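Trainee: The structure is given below, and queries will be raised subsequently.
The values are calculated or read from the model by the stated rules, or taken from the named source; none is laboratory data. None of the values given here were measured: they were computed from a predicted structure. Every residue, glycine as well, gets a Cβ built from its backbone with ideal geometry; the counts of neighbours run over all protein chains shown.
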Amino acid sequence: MAILEIHNVTKQFGGLLALDDVSFEVEEGEIRGLIGPNGAGKSTMFKNIAGFYQPTKGSIVYQGKNIEGKKPHTIAEMGIVRTFQETTLFQEMTVFENALVGAHIRSRSSVFSAVLGLDRARQQAASDKVLEVLDFMGLIDRRDQLASELPLGSQRALALAIALVSEPKVMLLDEPFAGMNPEETNHMMDLTRKVRESGITIVLVEHDMKAVMGLCHYLTVLNFGQLLAEGTPEEIRNNDRVIEAYLGGGG
Amino acid sequence: MELFLQSIANGLVQGGFFALFAVGLVLIFGVMGVVNFAHGELVMAGAFTIWVLHAQMGLGYIPALAVAIVLVTAIGLLMERLLFRPTRSDPLGGLICSIGILFILQVIAALIGGDGPSKQVPPPYEGTLVMFDSLRIPYQRVFSLAVSVTALASLWFFLTRTRLGWALRAVAMDREAAELQGINSNRISVIAIGVGTALAGLAGGLIAPLTNINPHMGHNVIVTAFIVTIVGGVGSLSGAVLAAILYAMFHTLITVYFGGTIATISGLILMVVVLIVKPTGLMGVKVSE
Amino acid sequence: MNSGNGFPVRNLALAAIALVALLITPHFLSFHHQDLLIFLTINVLAVCSYRLVTLTGEWSLIHAVMMGVGAYTVALSVNHFELAIWFTLPLAGCAAGLVAALLCFPLLRMTQFYFLIGSFAAGEAIRLTWVEFVGVFGGTSGLRGVEAPLVWGIDFIDPIPYFYFTLCIVSFCLLILYRIEHSRIGLTLHAIHWKTPLAESVGVDAWRYRALAFILGSFFVGIAGGLKVHYLGSVTPNQFTVGFMVFILIWVIVGGYNKFYGPIIGVVVLTIFDEAIRSFEVIRPAIYGGMLILSILFLPLGLESIPAKLKARFGKDSAPRKSPVAGE
């Protein structure tokens, strides 16, 4: 069952064609890798799916509903959450508070109930959920630390945690392994598998081939904004055109 | 009909002034990313200089005008060095600093001119041009319009036909990219504010014989400049010029029939409407993401 | 949001002393200074409500005019309908909040510079309608003859009873503002300020929260405007010009705006300072201008940051660093 369908998505910025008639489908419960040389349009595709850009042409269907053109927060409410390329956290807040922002969808309150303290039960439930996720990600001991003080691996885990707290069905991970050493990479791979096992479909943009090959069930390859190939990691590893694209395009 | 044509003619002259200081504001914002809230006071400083040198001390109008331009440019360069450059990463801070300068300039003007009624500068060019039997344009205004047009044309030439002008536009479009190409953006900022404030000083000098001069005259200037900038499209110089002319005529006509306050209210509403309907203004580029 | 601390006893004791001092002070002041104390209290509300607006990182220039909206609402409702203060004050807040709500649609499509200019323009336009429509708003002379409120037999034309009244109302409003900031709503506002895309990616509708902050901030400053006109008895457009807006900015910037009490420090210190330089009437604006500049260049975090800086320099580093959201 395809949870996410990309139909002929084209994205144009003035004269620049970032995405050119790209179509693919993501099955529920898989870990899909979206790979390709630099500038292939992978992040752009994420931004289109998550609502930060609107496709110039084409449509995006999530659980049978069209989502292209919707605002990011609406799409998040529907269950698609993205992470960001450079570490994006609320630096001035603690780990706990960072994750608490993720609980927004499930536990927001009106001004009245907030001021009068009527929403205590809901806030407590949110709090519990946050602690549960932090525990899941191995961050529970750091919960009162400021996000700016975390080591890289923990920062990435926190970014995942924020997204997880919102209880998404699909997570778009944008280069979560960038800049990691082998040990951190392994840890992150485990975390990613854990997340997927909890029932979340993952689409992964990544350059780290070890992570990609080790994690993904299926790969979608972009080059110069176009769909180049699709297949299992094995098939793609041996695909001449893909190899050529990476060697020629300076991936 | 006569009234209408006369208003259009007056509006055109006013449009010249509006264009001068709106363009200056756009130049500074475009290149340096900071809103110079004191821009109106710079115009006021130009006008005050004319009053002091020409009306009070008897210096010729043209020399006084030259001094006004130089003086206001000097103030602008000082502002760039002391205020805008340190606050480069914090445009809001730069804006607040310019508000600080706004007050300082107002106080200096009040100290120089005293608290009394507004000052007048008798027009150095007397006589009236009469066109079509009924259209009367004082030579002073013709002079102002001619100078405004010349200044704006020179600016256009500078920006489109010289390398320095190209560099300025490059920095306005994308500072980092321009720096990567070897353009010294600090130097460009200095030039941008130099040109921008020089235009303000010129506008002040040209307005001086045509209006009441007082320390608070900058307020109307900045309000007008904002309206014109937004309607024309932030970041677009040609938009600012076009909007300046159109708005000046709009404002003059409404003033004639309904009074100045209503005219300004209309202008402000127009600006908010533009912000809603077409935030890029007449000719601006899309400010997305 | 806090992992459960209450206020330390030492803070409570200090607060109690401050409260007592505040309550007995007016009896020792001259008439003029009593006036000043009342305006100071009102301005505290103006400044704290402004801080709510700026929590999302957007600085509006319409706040002073919103205070005027509240003031004019009270003047009109007292003069035409003789409403009692219990009605006029909430009405003032609602009027300002309503204007803010309407302005959200044009203004909140923009951010940063555009929002600043747009809010400035809208504010000017509103102010100019007070000037222009003399029949309704009294033009440049404004509205007069707003009778002092008579509550429970106490005639509030006297400054001291009015001071206590104002203190109560303002304290109550500050309590609400404080609660808002330390609730989930406050957290969300901070999140929008620091990384809007991240907040949006987990479902936060940034526009809605900016609107909320803007409307609530306007509501409370509208009440402040109402308090002002009930005391002064008159309202004119000149009370709410850019000049006053700049005062609000100065109080907030010089005082600091990372903590809830930063702007309060700003308005208190600068009001006292203002009194001290009263004799320098002509150059006063320049002094403020200079202060703004010096503040931005040399003390960007405001006066509120001085205790922390001193502690870092001279004191021992005892407590772990608290995040600004969980802090004061």
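Trainee: Against the conditions (1) farther than 21 Å from B:Leu152 by Cα; (2) away from every other protein chain (no Cβ under 14 Å); (3) without any contact (Cβ under 8 Å) to a residue 12 or more places away in the chain, where does B:Ile62 fall short? Just the number, please.
Mentor: If we test B:Ile62 against (1) farther than 21 Å from B:Leu152 by Cα; (2) away from every other protein chain (no Cβ under 14 Å); (3) without any contact (Cβ under 8 Å) to a residue 12 or more places away in the chain, just (1) comes out false.
Trainee: Against the condition surrounded by fewer than 23 Cβ atoms within 10 Å (Cβ to Cβ) and at pLDDT below 90, how does A:Ser113 come out, does it pass?
Mentor: Numbers: surrounded by fewer than 23 Cβ atoms within 10 Å (Cβ to Cβ): yes; at pLDDT below 90: yes.
It is true that A:Ser113 is surrounded by fewer than 23 Cβ atoms within 10 Å (Cβ to Cβ) and at pLDDT below 90.
Trainee: Then there is this: Take C:Glu58 and tell me if it is more than 23 Å from C:Leu175 (Cα to Cα) and of a type in the set (D, E, K, R).
Mentor: Working: more than 23 Å from C:Leu175 (Cα to Cα): no; of a type in the set (D, E, K, R): yes.
In short, no.
Trainee: Which one of these is of a type in the set (A, V, I, L, M, F, W, C) and not assigned by TED's automatic domain parsing to the domain that holds C:Gly225: C:Val20, C:Val44? Walk me through how you get there before you give the answer.
Mentor: Working: C:Val44 fails: not assigned by TED's automatic domain parsing to the domain that holds C:Gly225.
On inspection, the qualifying residue turns out to be C:Val20.
Trainee: Taking the condition of being surrounded by fewer than 22 Cβ atoms within 10 Å (Cβ to Cβ), at the interface with chain C (Cβ under 8 Å from one of its Cβ atoms) and not in a loop (DSSP other than H, G, I, E, B), how many residues in the range B:77-94 meet it?
Mentor: Residues flagged as surrounded by fewer than 22 Cβ atoms within 10 Å (Cβ to Cβ), at the interface with chain C (Cβ under 8 Å from one of its Cβ atoms) and not in a loop (DSSP other than H, G, I, E, B) within the range B:77-94 amount to 2.
A quick yes/no check of all residues on (1) in contact (Cβ under 8 Å) with a residue 24 or more places away in the chain; (2) surrounded by 17 or more Cβ atoms within 10 Å (Cβ to Cβ):
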site: B:Leu102; (1), (2): yes, yes
site: B:Gln106; (1), (2): yes, yes
site: B:Lys119; (1), (2): yes, yes
site: B:Leu129; (1), (2): no, no
site: B:Ile137; (1), (2): yes, yes
site: B:Ser144; (1), (2): yes, yes
site: B:Leu152; (1), (2): yes, yes
site: B:Ala172; (1), (2): yes, yes
site: B:Asn186; (1), (2): yes, no
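Trainee: Restrict the check to the range B:175-189 and report whether at least one residue is hydrophobic (A, V, I, L, M, F, W, C), part of a helix (DSSP H, G or I), under 23 Å from B:Leu77 (Cα atoms) and more than 10 Å from chain C (Cβ to nearest Cβ). Give the derivation first.
Mentor: To start, the set of residues in the range B:175-189 that are hydrophobic (A, V, I, L, M, F, W, C) comprises B:177-178, B:180, B:183, B:188.
Narrowing further to those that are part of a helix (DSSP H, G or I): B:177-178, B:180, B:188.
Now restrict to residues that are under 23 Å from B:Leu77 (Cα atoms): B:178, B:188.
Add one more test, that the residue is more than 10 Å from chain C (Cβ to nearest Cβ), and what stays is B:178, B:188.
Yes, the range B:175-189 has at least one match.
Trainee: Look through C:Val246, C:Val269, C:Val254, C:Val229 and report the one residue that is crowded, with 22+ Cβ neighbours inside 10 Å, among the β-branched types (Val, Ile, Thr) and more than 14 Å from chain B (Cβ to nearest Cβ).
Mentor: Numbers: C:Val246 fails: more than 14 Å from chain B (Cβ to nearest Cβ); C:Val269 fails: crowded, with 22+ Cβ neighbours inside 10 Å; C:Val254 fails: more than 14 Å from chain B (Cβ to nearest Cβ).
After ruling out the rest, the residue left standing is C:Val229.
Trainee: Go through the range A:71-92 and give me each residue that's farther than 22 Å from A:Gln155 by Cβ and without any contact (Cβ under 8 Å) to a residue 40 or more places away in the chain.
Mentor: Answer for the range A:71-92, where residues must be farther than 22 Å from A:Gln155 by Cβ and without any contact (Cβ under 8 Å) to a residue 40 or more places away in the chain: A:Lys71, A:His73, A:Thr74, A:Ile75, A:Glu77, A:Met78.
Trainee: Check the range B:220-230 and report whether any residue there is out of contact with any strand residue (DSSP E or B) (no Cβ under 9 Å at 6 or more places or on another chain), surrounded by fewer than 24 Cβ atoms within 10 Å (Cβ to Cβ), more than 14 Å from chain C (Cβ to nearest Cβ) and within 24 Å of B:Ala68 (Cβ to Cβ).
Mentor: Checked against the condition, which is being out of contact with any strand residue (DSSP E or B) (no Cβ under 9 Å at 6 or more places or on another chain), surrounded by fewer than 24 Cβ atoms within 10 Å (Cβ to Cβ), more than 14 Å from chain C (Cβ to nearest Cβ) and within 24 Å of B:Ala68 (Cβ to Cβ), the range B:220-230 yields no hits at all.
Trainee: Pick out, from the range A:174-250, the strands (runs of 3 or more DSSP E) lying fully within it that include 1 or more residues that are under 17 Å from the mean Cα position of the chain (by Cα). Full working, then the answer.
Mentor: Values: elements: A:201-205, A:218-223, A:226-231.
Passing ranges, in order: A:201-205, A:218-223.
Trainee: Name the residues in the range A:93-111 that are more than 7 Å from chain C (Cβ to nearest Cβ), in contact (Cβ under 8 Å) with a residue 12 or more places away in the chain and assigned to a loop (DSSP other than H, G, I, E, B), would you?
Mentor: Within the range A:93-111, A:Ala103 is the sole residue that qualifies.
Trainee: Among the residues of the range C:175-222, count how many are at the interface with chain A (Cβ under 7 Å from one of its Cβ atoms) and not in a helix (DSSP H, G or I).
Mentor: Total satisfying the criteria: 6.
Trainee: Name the pairs whose Cβ atoms lie under 8 Å apart, with the first residue in the range A:150-170 and at positive phi, the second assigned to a loop (DSSP other than H, G, I, E, B), and 6 or more positions between them or separate chains?
Mentor: What qualifies is A:Glu167/A:Gly79.
Trainee: Which of the numbered conditions does C:Ser201 fail, given that it passes all the others? Conditions: (1) of a type outside the set (A, V, I, L, M, F, W, C); (2) modelled with pLDDT of 90 or more; (3) farther than 30 Å from A:Lys47 by Cα; (4) touching a strand residue (DSSP E or B) at 6+ places or on another chain (Cβ under 7 Å).
Mentor: Failed condition: (3).
Trainee: Still on this structure: For the range B:63-92, what are the residues that are of a type in the set (Asp, Glu) and closer than 17 Å to B:Ala200 by Cβ? Steps first, answer last, please.
Mentor: Just the residues of the range B:63-92 that are of a type in the set (Asp, Glu), to begin with: B:80, B:90.
Hit for the range B:63-92 is B:Glu80, nothing else.
Trainee: Still on this structure, I have one more. For the range C:223-235, how many residues are of a type in the set (Val, Ile, Thr) and either outside the structural domain of C:Thr188 (by TED's automatic domain parsing) or not in a helix (DSSP H, G or I) (or both)? Write out each step before concluding.
Mentor: Taking the range C:223-235 first, the residues of a type in the set (Val, Ile, Thr) are C:223, C:229, C:235.
The next check asks that each one be either outside the structural domain of C:Thr188 (by TED's automatic domain parsing) or not in a helix (DSSP H, G or I) (or both); those that pass are C:235.
Looking only at that region, the number is 1.
Trainee: Give me the pairs: first residue in the range C:222-240 and on the phi > 0 side of the Ramachandran plot, second residue among the charged types (D, E, K, R), beta-carbon distance under 7 Å, and six or more apart or on different chains, which are they?
Mentor: The qualifying pairs are C:Gly233/C:Arg144.
Trainee: Hey, among the residues in the range B:96-125 that are farther than 17 Å from B:Ala64 by Cα and either hydroxyl-bearing (Ser, Thr, Tyr) or touching a Cys at 6+ places or on another chain (Cβ under 7 Å) (or both), which one's farthest from the other protein chains (Cβ to nearest Cβ)?
Mentor: B:Ser118
Trainee: Tell me the residue from A:Gly33, A:Gly58 that is in a strand (DSSP E or B), crowded, with 22+ Cβ neighbours inside 10 Å and among the small types (Gly, Ala, Ser), please.
Mentor: Details: A:Gly58 fails: crowded, with 22+ Cβ neighbours inside 10 Å.
Going through A:Gly33, A:Gly58 in turn, just one is in a strand (DSSP E or B), crowded, with 22+ Cβ neighbours inside 10 Å and among the small types (Gly, Ala, Ser): A:Gly33.
Trainee: Spot the failing condition for A:Met78; the list is (1) in contact with a Ser or Thr (Cβ under 8 Å, 6 or more places away or on another chain); (2) closer than 20 Å to A:Val9 by Cβ; (3) surrounded by fewer than 23 Cβ atoms within 10 Å (Cβ to Cβ), and only one is missed.
Mentor: (1)
Trainee: Please specify each residue of the range B:210-263 satisfying the condition of being touching a helix residue (DSSP H, G or I) at 6+ places or on another chain (Cβ under 9 Å) and not in a helix (DSSP H, G or I).
Mentor: B:Thr211, B:Ile213, B:Asn214, B:Pro215, B:His216, B:Met217, B:Gly233, B:Val234, B:Gly235, B:Ser236, B:Gly259, listed by residue number.
Trainee: Also, I was wondering about something else. Among the helices (runs of 4 or more DSSP H) contained in the range C:84-172, which hold 3 or more residues that are buried (at least 22 other Cβ atoms within 10 Å of the Cβ)? Spell out how you get there, then give the answer.
Mentor: Numbers: elements: C:85-107, C:112-132, C:134-137.
Filter on the range C:84-172 gives C:85-107, C:112-132.
Trainee: Taking the range A:154-182, which residues are over 19 Å from A:Phe90 (Cβ atoms) and among the small types (Gly, Ala, Ser)?
Mentor: A:Ala178, A:Gly179
Trainee: Being of a type in the set (S, T, N, Q) and over 21 Å from B:Ala19 (Cα atoms) is the filter here, so list the residues in the range B:106-148 that pass it. Walk me through it before giving the result.
Mentor: Of all residues in the range B:106-148, those of a type in the set (S, T, N, Q) come to B:106, B:118, B:120, B:128, B:134, B:140, B:144, B:148.
Correct list: B:Gln106, B:Ser118, B:Gln120, B:Thr128, B:Ser134.
Trainee: Return a yes/no flag: does the range C:20-35 have any residue that is of a type in the set (Gly, Ala, Ser) and either in contact with a Leu (Cβ under 7 Å, 6 or more places away or on another chain) or crowded, with 18+ Cβ neighbours inside 10 Å (or both).
Mentor: From the range C:20-35, those of a type in the set (Gly, Ala, Ser) are C:21, C:30; that's our starting set.
Those left that are additionally either in contact with a Leu (Cβ under 7 Å, 6 or more places away or on another chain) or crowded, with 18+ Cβ neighbours inside 10 Å (or both): none.
No; the residues of the range C:20-35 include none that is of a type in the set (Gly, Ala, Ser) and either in contact with a Leu (Cβ under 7 Å, 6 or more places away or on another chain) or crowded, with 18+ Cβ neighbours inside 10 Å (or both).
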